[in-house]
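Engineer: Supplied in structure tokens, the structure appears directly below.
The values are calculated or read from the model by the stated rules, or taken from the named source; none is laboratory data. None of these values were measured; they are calculated from a predicted model. Note that each Cβ is placed from the backbone with ideal geometry, even for glycine, and that neighbours are counted across all protein chains shown. Please note that ligands, DNA and RNA were not included when accessible areas were found on the heavy atoms of the full protein model with its side chains. Shrake-Rupley method; radii C 1.70, N 1.55, O 1.52, S 1.80 Å.
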Amino acid sequence: MSDPTYPAFPILTFFAAVLVLIPLPWHLQSLNAGTCLFMIWTAIACINLGINSIIWHSNAIDWAPVWCDISSRIIVAVAVAIPAASFCINRRLYMIATIQTVSITRAERHRAVIIDLLIGIGIPLLQVVMQYVVSGHRYDIFEDIGCYPFTYNVTLAYPLSVVWPIVIGLASAVYCVLTLRAFSKRRAQFSEFLSSKTSLSPNRYFRLMALATTELLCTTPISLYGMILNLTASHVHPWISWEDTHSNYSKVAQYPALLWRMDRSSVIGFEMTRWAPFACALVFFAFFGFADEARRNYRQALSAIAKLLRIRTFYSWRSAPSKVESLPSFVASPLPPYTPSPSKSRFRLLMSSSSYSSTTKTDSYNPSLELPVFEICKSDLSAQESIPETPSTSSSHTFILSPHNDQISPMPSGDHRPSISLGNLPAEAR
């Protein structure tokens, strides 16, 4: 019997593992250990189940014994790791809601991180050790599922292995209720504390609470259903001894899909176990993948990639300053102050570049040079050097600014055009 979820399941689980790890960098910066543990354990679970579904698609052969030892222990650890990470999140939210002082020291923050790591890593590792006590044989292989741990259904298995996900989920629920109660009583101090922290905004706080509550409502019922199924669907054996439980530990049981799919309860249990990490990844990304800090980090990452590839993105185009084209300004440099005699009249002459030429320096005028403001006196109109007249057919024009109101008036042509003395001009204009 072929797997109807293949190849969709491995593709979706790998995609979910990438999605849930996207917000990891900025959560590491805020030292939120519970959230980081939730992301890492969820990604590990998705990758593990995706690899198993590929290797054991349409077969139940023991291809990789070492991998199965590791994979089956990962499944055992993840069963309590994700609830433990949710417990760390709810515990931290409760501590924030019941904080007595606005500021916390660095030592207190490091102590809180260490406690979260002990809970989020220590409890899963301890669960692996305790499950080994009641592990009847090495592991099982189910076609289309892959490696799976085997727990001998004895009375000691329930307090050592089966019940712990439920206990952690209930403890997390207690913290969640206490957090809501503390928030309703101390709303003003709570808002003041969040406003003083740069790593935890009110929006992120409530998203964390919603994430922990959603995980609590999903994983705890699954664990409870598995425990009830073990108690009712099969006989519970009494614990006799270590030797009795591990008498045939090297055994590897192999089950084809045609066999295990005949049991409806087994199908429900396997499918719920397989799709639970995928659902946790999607829920986490829905809460934190579209937040303000996430969009800000997406833009920074996109800008860095575009800069590496030398591509201009929409965000860089929108944030770039607009360049307004302006006309060049032809403002002449002022001359030193000059006071003419009372008998002399002052004229400000502005000459076009095409009508000016010098017979002593250059044969043509350089348009890149700007002409200074000339001070012309009536007594200097009969100078030895003068500007030669331009032909009347020239298309250029010369204008004189009025000495009183600076209005432009056309310059006389022909014999009435005055000559200009170059004696008072700067050396650059000669």
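Engineer: Do you know which of the residues in region 210-223 that are exposed (fewer than 15 other Cβ atoms within 10 Å of the Cβ) and hydrophobic (A, V, I, L, M, F, W, C) is nearest to R274 (Cα to Cα)?
Structural biologist: For region 210-223, the residue satisfying everything is L217.
Listed here are the residues, each with its yes/no results for (1) hydrophobic (A, V, I, L, M, F, W, C); (2) farther than 29 Å from A173 by Cβ.
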site: M209; (1), (2): yes, no
site: H235; (1), (2): no, yes
site: I240; (1), (2): yes, yes
site: T245; (1), (2): no, yes
site: S250; (1), (2): no, yes
site: A257; (1), (2): yes, yes
site: D263; (1), (2): no, yes
site: G269; (1), (2): no, no
site: A286; (1), (2): yes, no
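Engineer: Here's a follow-up. I'd like the full set of residues that are modelled with pLDDT of 95 or more and surrounded by fewer than 17 Cβ atoms within 10 Å (Cβ to Cβ), limited to region 70-97.
Structural biologist: I70, the sole residue that qualifies.
Engineer: Which count do you get for residues in region 132-151 that are touching a Gly at 6+ places or on another chain (Cβ under 8 Å) and either of a type outside the set (V, I, T) or open to solvent by less than 10 Å² (accessible area, probe 1.4 Å) (or both)?
Structural biologist: Within region 132-151, residues that are touching a Gly at 6+ places or on another chain (Cβ under 8 Å) and either of a type outside the set (V, I, T) or open to solvent by less than 10 Å² (accessible area, probe 1.4 Å) (or both) number 1.
Engineer: Look at region 60-69 and say how many of its residues are part of a helix (DSSP H, G or I) and either open to solvent by 20 Å² or more (accessible area, probe 1.4 Å) or free of Cβ contacts under 8 Å to residues at least 60 places away in the same chain (or both).
Structural biologist: Qualifying residue count for the region: 4.
Engineer: Further, regarding this structure: Within region 32-45, identify whether any single residue is of a type in the set (A, V, I, L, M) and in contact with a Ser or Thr (Cβ under 7 Å, 6 or more places away or on another chain), and answer yes or no.
Structural biologist: no
Engineer: Another one. Inside region 42-59, can you point out the residues that are open to solvent by 20 Å² or more (accessible area, probe 1.4 Å) and either at positive phi or outside any helix (DSSP H, G or I) (or both)?
Structural biologist: Across region 42-59, the qualifying residues are H57, S58, N59.
Engineer: For region 14-41, give me the residue count where each residue is open to solvent by 20 Å² or more (accessible area, probe 1.4 Å), not in a helix (DSSP H, G or I) and not β-branched (V, I, T).
Structural biologist: Number satisfying all stated conditions: 1.
Engineer: Only residues that are in a loop (DSSP other than H, G, I, E, B), out of contact with any Leu (no Cβ under 9 Å at 6 or more places or on another chain) and acidic (D, E): list them for region 123-182, please.
Structural biologist: If the condition is that a residue be in a loop (DSSP other than H, G, I, E, B), out of contact with any Leu (no Cβ under 9 Å at 6 or more places or on another chain) and acidic (D, E), then D144 is the only one that fits.
Engineer: Are there any pairs with C-beta distances below 6 angstrom linking a residue in region 266-279 that is open to solvent by 50 Å² or more (accessible area, probe 1.4 Å) to a residue that is assigned to a helix (DSSP H, G or I) and among the aromatic types (F, W, Y), with the two at least 6 apart or on different chains, and if so which?
Structural biologist: Within 6 Å, no pair qualifies.
Engineer: Now for a different question. Can you name the condition, by its number, that Q100 falls short on among (1) surrounded by 15 or more Cβ atoms within 10 Å (Cβ to Cβ); (2) at pLDDT below 95?
Structural biologist: The single condition Q100 does not satisfy is (1).
Engineer: Please name all residue pairs, on different chains or six or more residues apart, with Cβ atoms under 9 Å, provided the first residue is in region 22-45 and is within 14 Å of F288 (Cα to Cα) and among the basic types (K, R) and the second residue is modelled with pLDDT of 95 or more and open to solvent by less than 10 Å² (accessible area, probe 1.4 Å).
Structural biologist: Going by the 9 Å Cβ cut-off, there are no qualifying pairs.
Engineer: Let me ask something else about it. Any idea which of V174, V129, V154, V162 is open to solvent by 20 Å² or more (accessible area, probe 1.4 Å) and closer than 19 Å to V236 by Cα?
Structural biologist: V162
Engineer: So W260 passes all but one of these: (1) farther than 25 Å from D62 by Cα; (2) of a type outside the set (D, E); (3) at pLDDT 90 or above. Which condition number does it fail?
Structural biologist: (1)
Engineer: Moving to a separate point now. Looking at this structure, is Y132 hydroxyl-bearing (S, T, Y), over 31 Å from the mean Cα position of the chain (by Cα) and at negative phi?
Structural biologist: yes
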